[in-house]
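Data block below; observations after.
No lab work stands behind these numbers, since they all come straight from the coordinates. Just so it is clear, the structure is predicted and the values come from calculations on it, not from any experiment. Ideal geometry is used to build each Cβ from the backbone, glycine not excepted, and the neighbour counts take in all protein chains shown.
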Amino acid sequence: MALLCVNIDHVATVRQARRTYEPSPMHAAHEAMAGGAHGITVHLREDRRHVQDADVLALADAFRGKLNFEMAATDEMVAMALRIRPAMAMLVPEGRHEVTTEGGLDVIAQEARVREVIARLAAGGVRASIFIDAVPAQIEAARRCGAGVCEVHTGPWAHAVHDHGDRCDAPAAQAELAKVREAGRAIGALGMQFNAGHALNYANVGPVAALPGLAELHIGHAIVSRAVFSGLRTAVADMRAAIDRAAGVHSG
């Protein structure tokens, strides 16, 4: 059964809309864990559009659950990761123009830099992950760079489901799911941990959660969106239940 790590960036997004002190990402982290999450994820972006340095430092100091740190492969973010020593640091592509992360990291195009960053993280005792598209050559490059974990970008799957009326059995959606499944197999065969995330929600998470070898799901926006109406603890519990149902179907 895949573990659920809840991305709480958009709790900070709401706070930053007023440049105030609430809602609190720390409170969100505790509520997520109370709802059944196994950890939380935060992305400290270069432009600080949501999560701030103080949030990350506070979580590293006082949050006792698993902390995953999403980061660009920059010297600034490497320094932060080595300072806070999260359970995992995930390298992601980043651009100021994008609304959210739009695709996996192109490891092949910057292999030397990625290898260097992962080596620096490893020397500081920080496990490295790479957010990656379901492309065999990128997965192989990630392994060459020393990554211990690959998180497969599930955006194409999620968008295909949405574009076909939330039908997970639509042929276009199934084609995208097959790519994620094969990527997971390749990641496992190379001795890395298979995680998945991006654009997953309550309608599309089940088939991904049921994939063999999947270790973790990282989900944020859908959970925070539901939390507006139900509360974060309940929203996390609902997602946890959807994942558990999928695992039950798979195991049966």
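If each DSSP helix of 4+ residues adds -39,500 (n - 2.57) and the sum is divided by the residues in the chain, what number results at 222 nm, nearest 500 deg cm²/dmol? It would help to have the intermediate numbers written out before the result.
Numbers: 11 runs with 123 residues, N = 252.
It lands at -15000 deg cm²/dmol.
Phi angles of segment 75-88 translate, via the Karplus equation with coefficients 6.51, -1.76, 1.60 and θ = phi - 60°, into HN-Hα couplings of 4, 4, 6, 4, 4, 5, 4, 5, 6, 8, 6, x, 4, 7 Hz per residue; Gly and Pro are given as x. Highest mean packing first, where packing is the average number of other Cβ atoms within 10 Å per residue, the peptides 3-11, 159-167, 237-245 line up as 3-11, 237-245, 159-167. Whole-Hz Karplus values for segment 50-61 come out as 9, 5, 10, 3, 4, 5, 5, 5, 5, 5, 5, 7 Hz, taken residue by residue from phi with 6.51 cos²θ - 1.76 cosθ + 1.60 and θ = phi - 60°; glycine and proline positions read x.
Using 0.36 nm times the number of residues separating Ser230 and Ala112, minus their current alpha carbon distance, what extension gain do you get?
On the way: separation 118, 0.36 × 118 = 42.48 nm, distance 4.56 nm.
In short, 37.9 nm is gained.
The modelled label-to-label distance between Asp166 and Arg48, using points 7 Å beyond Cα along the C-beta direction, is 3.9 nm.
Amide H contacts of Glu70: Val42, His43, Leu44, Met90, each under 5 Å away and 5 or more positions distant or on a separate chain (H built 1.01 Å from N in the peptide plane; Pro and chain starts excluded). Does segment 102-200 come out rounded, prolate or oblate, given a ≥ b ≥ c as the square roots of the eigenvalues of its C-alpha gyration tensor, rounded meaning a/c under 1.5 and, failing that, prolate meaning a/b above b/c? Prolate is the answer for segment 102-200, as a/c is 1.5 or above and a/b outweighs b/c.
Want the number for Ala79 to Val14: 0.36 nm per residue separation, take away the alpha-carbon distance, what's left?
On the way: separation 65, 0.36 × 65 = 23.40 nm, distance 2.69 nm.
Separation in residues times 0.36 nm, less the Cα-Cα distance, equals 20.7 nm.
Modelled spin-label separation between Arg245 and Glu22, with each label point placed 7 Å from Cα along the Cα-to-Cβ direction: 3.4 nm. Computed about the Cα centre, the dipole magnitude for segment 117-252 is approximately 380 debye when only Lys and Arg (+1) and Asp and Glu (-1) carry charge, each at its Cβ. Charging the Cβ of each Asp and Glu at -1 and of each Lys and Arg at +1, and nothing else, the dipole of segment 3-251 about its Cα centre rounds to 520 debye. Length, then width, then depth: along the principal axes, the Cα atoms of segment 3-251 run 45, 45, 34 Å.
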